[in-house]
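Notes follow the structure.
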Amino acid sequence: MNDTTTPESSSRPENDMQQLLCDRLLDPTQPISERFRALFSLRNLKGPVPRNALVHATRDSSNLLAHEAAFALGQMQDTEAVPALEEVLSDLSLHPIVRHEAAEALGAIGLESNVPLLKDRLALDPAQEVRETCELALKRIEDVKTAGSALGLSMEEKSPFLSVDPAAPIAYSSVDKLREVLLDEEERMYERYAALFALRNHGGCEAVSAIIESLGSKSALLKHEVAYVLGQLQNKAACAALCNVLRDANENAMVRHEAAEALGSIAVHVGKPSDDQSVALLEEFAKDPEPIVSQSCEVALSMLEYERSGKSFEYLFQKAPLACNDF
């Protein structure tokens, strides 16, 4: 019997999986946690199919999903996504959390051609968190231009969390000095971010304590990044402070959203019974009237459930292991 397998036919299962993921991502009837599972799978893939689906998702009615799609496009550093991200940043009808993420994504991609738009939004955008993000993105693009493309690579390599960070870790070796910069309300946002990532990479109790302390900062943008970093560190010492953030109905939704996801991440790492309080709080605020917060809690609880059962939250690891050579 002749082998009639062709490159086209052998790639069909992978193409079918990509289409399944795209359909699931863009299906508003699906639970938000299922749509996030698809998103987390697509962000690890290359090419027009996953990119176009993520671009489409930046206009989703779920602001949480839309902002996560923009974040994913930035982490992928796909220059083909730039026009769509420019449109998202410029569209004042979109929620600030989505426009903020589009600005951060443009900074992560790092094209000098985006400087005029970022300067315009820095000057004119009505949302402080968007303006501050544009400031960060402009400084990152400037650094990439100054040091060449190697800086972009080094910023990724310096992160033990495989993330494309909005700022390169600052060079100070002293935790006290880093804490001073992070907590200084008069310091430039980029420098405070740089201190934050340096403390994250430093690790240790003193560094974590300094990061937790910065949750009292005035900037919602900084606080949301602090919560994100605490989720990366998965240190249970942060739980009490993150719980307080999630409980605070007066706090910016983007900060509460990151606090919820960080609590879920820490619960995955710490395990029972230490995570019981965090889980109970996530269950309580899965009913929060602010969808960005309630959906974040739903996603965090779903991720925790999958991890506890020994399964991956991403679809690809379960349904198409042979299509995951890049992981």
With +1 on each Lys and Arg Cβ and -1 on each Asp and Glu Cβ, how big is the dipole of region 212-309 about its Cα centre, in debye rounded to the nearest 20?
-> 200
Taking the dipole about the Cα centre of the chain, with the C-beta of Lys and Arg at +1 and of Asp and Glu at -1, give me whichever of VAL82, ALA207, THR133 is farthest to the positive side.
-> ALA207
Cα gyration tensor category, rounded, prolate or oblate, for region 15-150 with a/c compared to 1.5 = oblate
Give me the accessible area of ARG247, 1.4 Å probe, in Å² rounded to the nearest 10.
-> 100
How would you classify region 77-210 from its alpha-carbon gyration tensor, with a ≥ b ≥ c the square roots of the eigenvalues: rounded for a/c under 1.5, else prolate if a/b is greater than b/c, otherwise oblate?
-> prolate
With labels modelled as points extended 7 Å from the Cα through the Cβ direction, what inter-label distance (nm, one decimal) is found for ASP16 paired with ARG59?
-> 3.0
Which percent of the accessible heavy-atom area of the chain goes to carbon and sulfur, probe 1.4 angstrom?
-> 50
For region 166-295, shape from the Cα gyration tensor axes a ≥ b ≥ c, cut at a/c of 1.5 then a/b versus b/c, turns out oblate
Using unit Cβ charges (K, R positive; D, E negative) and no other charged atoms, how large, in debye to the nearest 20, is the dipole of the chain about its Cα centre?
-> 320
If SER265, SER296 are ordered by their accessible area, calculated over protein heavy atoms with a 1.4 Å probe, which sequence runs from highest to lowest?
-> SER265, SER296
Considering only Cα-Cα distances, which of the following residue pairs are longer than 31 Å: LYS46/LYS287; LYS177/LYS287; LYS139/LYS223?
-> LYS46/LYS287; LYS177/LYS287
Rounded to the nearest 10 Å², the 1.4 Å probe accessible area of GLU87 is 120
With labels modelled as points extended 7 Å from the Cα through the Cβ direction, what inter-label distance (nm, one decimal) is found for ASP23 paired with GLN128?
-> 4.6
Can you figure out the FRET efficiency of GLU305 with LEU183, using R₀ = 45 Å and their beta-carbon distance, to the nearest 0.05?
-> 0.80
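The values are calculated or read from the model by the stated rules, or taken from the named source; none is laboratory data. Fair warning: this is a prediction, and the values are worked out from it, not measured in the lab. Cβ: placed from backbone, ideal geometry, glycine included. Neighbour counts: every protein chain shown. These accessible areas exclude ligands, DNA and RNA; they are computed on the full protein's heavy atoms, side chains included. Shrake-Rupley method; radii C 1.70, N 1.55, O 1.52, S 1.80 Å.
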